[in-house]
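Take a look at the structure set out below.
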Amino acid sequence: MIGELKYEEVEEVSNTLKKASSKINELIKDKNIQELADFAATVEGYSKYLDTTLEINKDADKALEKLASQNQ
């Protein structure tokens with residue numbers, strides 16, 4: 001878990017953000033709307049941040065499980 005969210009919930013949020021960013025980029029293609037393009041890039045960046053956080057937490061859980069099993 002990350003905070004009070006299950007890993008699957010964080011992954012779902014990240015995927016939703018990726019889809020939203022992609023859709024925004026699709027809608028503004030061939031239009032000169034830089035502020036919206038910047039927003040889409042920020043949304044995509046945050047989804048990548050969530051993916052990284054998810055992986056780090058999963059790896060930490062594995063390491064903690066291994067340590068706990070070694071101490072028993």
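Quick notes
- Among the residues making up segment 2-35, those that are surrounded by fewer than 11 Cβ atoms within 10 Å (Cβ to Cβ) and not basic (K, R) are G3, E4, E8, E26, D30, N32, Q34, E35.
- Top-ranked residue of segment 36-52 - restricted to ones that are loosely packed, with under 14 Cβ neighbours inside 10 Å and among the hydroxyl-bearing types (S, T, Y), ranked as farthest from Y7 (Cα to Cα): T42
- Looking at K23, K62, just one residue is of a type in the set (K, R) and modelled with pLDDT of 95 or more, and that residue is K23.
- The set of residues in segment 53-72 that are among the hydroxyl-bearing types (S, T, Y) and surrounded by fewer than 10 Cβ atoms within 10 Å (Cβ to Cβ) contains only S69.
The values are calculated or read from the model by the stated rules, or taken from the named source; none is laboratory data. Here the structure is a predicted model, which is why all the values come from computation and not from measurement. Ideal geometry is used to build each Cβ from the backbone, glycine not excepted, and the neighbour counts take in all protein chains shown.
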